[in-house]
Amino acid sequence: MYRVFALLGLSFCLATASQAHATTVGDPSFDNTTMRPSLLPSGHSGELAMTLPPAADIAEALGTGPATRQALGPQVMVRVDISSQTMTILVHGKVAYVWKVSTARRGYATPTGFWTPYRMHVMWRSRKYDNAPMPHSIFFYEGFAIHATPYVKRLGTPASHGCVRLHPDNAKTLFALVRQYGPSTVRVSIEK
């Protein structure tokens, strides 16, 4: 009896999906990417679910080819390696820049993990540390930011209160890059 209902549900969903596809063809409000029915994994009630096809199928349907999978991820990746005190910038998966940085000195910590920038300022002053200037600030987690520093001789060694410090020219370049692509397409990765 259960199988009969499951088959009836499947045929209903197939008919509905087919009908939905027919209504989207030629309609400019849709991108002609249809959903398709699939069974939930074993252990569930056997209900049907509508799922999108794999990203490669979507890319093919949109006529952009298999390379679109990469475009679905971040366009700019900012990787900070605390152990080597370096930052590597990848644009569309290719290394664009490698710079020296300064992260947290002894007694302080630079957070590790993955973030999306949430705020940017051409000039910001630290409310916590004596109104210290933080040019070209890109805030990625709580009060932590990537920003320019006047202490360029310290780059390549831990020297900050937790932020990621860059040479002023490099901070300006990164700021422009994030602004160009938009913060929502940028990922900041910090690892030890």
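For segment 144-162, the criterion of a residue being in contact with a His (Cβ under 7 Å, 6 or more places away or on another chain) and modelled with pLDDT under 95 is satisfied by no position. Note on segment 125-167: among residues that are aromatic (Phe, Trp, Tyr) and out of contact with any Lys or Arg (no Cβ under 6 Å at 6 or more places or on another chain), the one that is nearest to Thr110 (Cα to Cα) is Phe144. A Cβ distance below 8 Å, combined with a sequence gap of six or more or placement on separate chains, defines the contacts here; from segment 148-161, residues that are within 18 Å of Arg125 (Cα to Cα) reach residues that are of a type in the set (D, E, K, R) and surrounded by fewer than 14 Cβ atoms within 10 Å (Cβ to Cβ) in the pairs His161/Lys128.
If you go through segment 111-132 and keep only what is exposed (fewer than 11 other Cβ atoms within 10 Å of the Cβ) and among the aliphatic types (A, V, I, L, M), you end up with just Val122.
Counting only residues that are surrounded by 14 or more Cβ atoms within 10 Å (Cβ to Cβ) and out of contact with any Ser or Thr (no Cβ under 6 Å at 6 or more places or on another chain), segment 101-110 holds 2 of them.
The values are calculated or read from the model by the stated rules, or taken from the named source; none is laboratory data. Keep in mind that what you see is a predicted model, and the values were worked out from it rather than measured. Positions of Cβ are generated from backbone atoms using ideal geometry, with glycine treated the same way; all protein chains shown enter the neighbour counts.
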